[in-house]
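Comments concern the structure below.
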Amino acid sequence: MKLRASLAAVVALVLVTVAPQANGGGATTITTCGQTVTTDAVLTQDLVCTGSGVIVGASGITVDLKGFTIRGDRGLGDYGIDDSGGFDSVTIKNGVLRNFNECINAATNVTIADKLTVQNMVVSANASRGIIVRGNAAKIQSTIASGNGEGILVIGDLASIKSVTAHGHTGGTGVRVVGNSASIQSTIADGNGGGVTVQGSSASIKSVTASGNSGNGIYVDGGSPSIQSSTAIGNGGPGITVIGDDASLKNNHADANGLPNASDLTGLGITVTNYTTPPAGKNTARGNDDPAECSPTYLC
């Protein structure tokens with residue numbers, strides 16, 4: 001009986017030694033680049049990768065980077081966090097991803113990843129996009145995207161983007177959503193090719209600042225949008241553009257837009273086109289390249 005007990009203790013010790021991924025909290029410890037995780041997982045050290053960083057292998061899990069950084073070499077097809085398998089209800093939080101092709105990839109032409117959450121992340125210096133999601137009900141919160149080819153792209157309905165900063169994507173848009181009923185709040189988009197773009201109906205944009213983008217500041221292509229308490233300053237294109245019916249624009253500020261190089265008296269602060277039901281609301285627009293400031297003019 002003593003011998004059997006001793007053997008059992010040795011076996012248990014070996015299992016612990018060769019399987020360090022199980023930590024005290026019951027989560028998987030991420031120890032190497034390219035590791036596939038199928039349970040909640042935590043990073044305990046910085047990683048430098050020549051391929052992808054972490055591969056998601058199950059729905060409903062959380063990948064917590066615990067303040068650490070995963071860095072790649074900008075290789076084609078390399079992702080910091082790879083959910084291209086289309087696993088749903090995945091949360092990615094609390095860390096830095098940089099120098100990949102795309103930092104967070106949850107999109108292919110044949111798979112979707114619904115209810116992806118990205119929280120408290122920095123995604124930077126990627127060859128293509130910082131974050132790309134194909135799926136419904138994505139949430140991106142308290143996240144910074146900087147210096148990527150394009151900042152954040154969500155393809156799906158019911159996207160929620162809150163307290164995000166998208167900066168320095170000179171070749172692309174800071175934040176772009178393709179889908180209906182998008183909500184974008186308390187977000188800053190500056191120094192990008194375009195600031196914030198939504199392609200879909202019933203968009204809600206509130207307390208957004210778009211400044212110094214070479215194209216449009218805020219651009220919505222779709223019916224029944226609501227744009228409130230937002231600011232567009234010094235963008236090369238119009239400050240706020242809406243293409244569609246029944247737009248509500250209230251308490252927005254659009255100043256000094258439409259001046260990409262020199263004045264040609266055409267750039268507006270706010271412009272709404274292609275509507276049957278006219279837009280409604282009152283806003284402030286000053287110093288835009290077109291002296292009319294807004295179209296229709298009653299919007300400001």
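Numbers below:
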read-out	value
Per-residue HN-Hα couplings for segment 249-261 [Karplus 6.51, -1.76, 1.60; θ = phi - 60°; Hz; x = Gly/Pro]	10, 9, 6, 9, 10, 9, 10, 6, 9, x, 10, x, 10
DSSP beta bridge pairing in segment 184-300, given as percent antiparallel to the nearest 5	0
Aspartates and glutamates with Cα under 13 Å of Lys66, excluding same-chain neighbours fewer than 8 positions away	Asp40, Asp46
Whole-Å distance, taken between Cα centres, linking segment 262-297 and segment 54-83	43
Histogram of C-alpha separations across the chain, 20 Å bin width, %	34, 46, 16, 4, 1
Contour minus Cα-Cα distance for Gln45 and Asp264 (0.36 nm per residue)	73.4 nm
Disulfide-incompatible cysteines by the Cβ rule (no partner under 4.7 Å) in the chain	Cys103
Alpha-carbon radius of gyration plus Dmax, which is the widest Cα pair, for segment 28-171 in Å	13.1, 38
Ordering of 37-45, 74-82 by packing [mean C-beta count within 10 Å, highest first]	74-82, 37-45
Contact order normalised by residue count of the chain, Cα under 8 Å, 6+ apart, percent	8
Filter on Lys206/Lys250; Lys139/Lys162; Lys93/Lys162; Lys139/Lys206 - keep pairs with C-alpha separation over 19 Å	none
Peptides ranked, highest mean first, by Cβ atoms within 10 Å: ranges 89-100, 280-291, 184-195	184-195, 89-100, 280-291
Cα long-axis angle, helix 2-18 against the chain (0 to 90 degrees, to the nearest 10)	30
Anisotropy class of segment 157-300 from Cα gyration tensor, a/c 1.5 cut	oblate
Cα pair distances exceeding 16 angstrom across segment 210-291, given as percent	44
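Read-outs throughout are calculated quantities, based only on the coordinates presented, and are distinct from any laboratory measurement. Since the model is a prediction, treat every value here as computed from it, not as a measurement. Neighbour counts are summed over all protein chains in view; Cβ atoms, including those assigned to glycine, are modelled from backbone coordinates with ideal geometry.
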